[in-house]
Amino acid sequence: MMEENKIKNCKVIATYFGIRRHYPYDCHDTIQVLKDSIQNEIELDPGVDNLDVILVNHDCGDEEGNQFLQSIDGKETFCGKIIVISREWDEGKGISLGSFDYAFKQLQDEYNYWFFQEDDYKLVKPNYYGNGVKMLEENSKVGFVGYDMGATIYTVKHQQYLDLKIGQIIFYIPILIWGYGRYLKRFNHAVKEGIKLIKEYKLYYAGGMMGLTSQTNLKMVVDKYGRLPHPKVPNPQYKKRFKDIPKTSIWYYFKTFFLYNRYITGYFLYAILGELEFTRVYYELGKGIVAYPDYKKLIYSYKRNKFK
């Protein structure tokens, strides 16, 4: 439990040591990324007097990755320590968002402020955390401070909501075909509300779910929805299965098309019911999203090998 009257801060980083679509492609790449990311946590002043970094391992059974995490568990950072927790693979359900939800439910009474980040990014500007806390403290209507906001700001400024509408139409039938019909009502609601916010020139989501919020705000979300938003759709690494189908088989292109279609449908559900909903829901709680003002060249992307 938190010490009386002491504000405690944490950052949750979701990680995974399996195969990915982009860099880091596998366990070895992920370990190298985490080594650099942790060194950044050791050297960078976040602008608060304490900050624990919680690494949540979506455990796919990779022994080398798990051993690496064990080796850094408890390691000191700039003003805190590394805490490693793991959750079961469970067919890959939840991906990063499931890890965020898991961490909060495990440790919700331990920290007042929560920062969420996927493992293929790092923030490089000092005081980013302390500045975000001030933004939350100064305005009770702020539900979430988004840090990766360049694309969202551009979308809202130029009223570019057709991608959402087109995606809703294209994926309507695949959602039903692949057995995700139970998500359809929430999916349509999320798209409708997202478009509405864009038309009202309001920020409708924080890119990559990256950002800061409070224990109080997160508890409001969990009380209303039962979890931090994400669909429990399996992620069975279809790329591996593509390789297992002989290209000489007459069924190769047929099977590949359907496997890939299901794979993409699942990821689109995560984009809408995960990435978009993770922060959009604060509007339904009478709050909203704001952008961290100094967001240019704030975030380094390992995937792109450059700043966002």
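The values are calculated or read from the model by the stated rules, or taken from the named source; none is laboratory data. Remember, it's a predicted structure, so these values are computed and weren't measured experimentally. Neighbour counts are summed over all protein chains in view; Cβ atoms, including those assigned to glycine, are modelled from backbone coordinates with ideal geometry.
How many residues does the range 35-54 contain that are out of contact with any Phe, Trp or Tyr (no Cβ under 7 Å at 6 or more places or on another chain) and in contact (Cβ under 8 Å) with a residue 60 or more places away in the chain? Counting residues in the range 35-54 that are out of contact with any Phe, Trp or Tyr (no Cβ under 7 Å at 6 or more places or on another chain) and in contact (Cβ under 8 Å) with a residue 60 or more places away in the chain gives 3. Just the residues that are under 25 Å from Glu137 (Cα atoms) and either of a type in the set (Asp, Glu) or free of Cβ contacts under 8 Å to residues at least 12 places away in the same chain (or both), please, taken from the range 201-228. Residues satisfying the conditions are Thr216, Asp223. Note on the range 181-227: residues that are outside any helix (DSSP H, G or I) and touching a strand residue (DSSP E or B) at 6+ places or on another chain (Cβ under 9 Å) amount to 10.
With respect to the conditions (1) outside any helix (DSSP H, G or I); (2) buried (at least 21 other Cβ atoms within 10 Å of the Cβ), Ser86 falls short on a single one, namely (2).
Going by what's in this entry, would Tyr267 be described as assigned to a helix (DSSP H, G or I), under 15 Å from the mean Cα position of the chain (by Cα) and at pLDDT below 95? Yes; evaluated as a whole, the condition is true for this residue. Only one entry in Glu110, Glu137, Glu91 is without any contact (Cβ under 8 Å) to a residue 24 or more places away in the chain and either in a helix (DSSP H, G or I) or more than 19 Å from the chain's Cα centre (by Cα) (or both), namely Glu137. Reported count of residues in the range 32-46, each being surrounded by 18 or more Cβ atoms within 10 Å (Cβ to Cβ) and over 19 Å from the mean Cα position of the chain (by Cα), is 2. For the range 278-293, a residue qualifies if it is outside any strand (DSSP E or B) and farther than 15 Å from Ile198 by Cβ, and the qualifying residues are Phe278, Val281, Tyr282, Glu284, Leu285, Gly286, Lys287, Tyr292, Pro293.
Taking Asp148, is it in a loop (DSSP other than H, G, I, E, B), surrounded by 18 or more Cβ atoms within 10 Å (Cβ to Cβ), out of contact with any Cys (no Cβ under 7 Å at 6 or more places or on another chain) and not aliphatic (A, V, I, L, M)? In short, yes.
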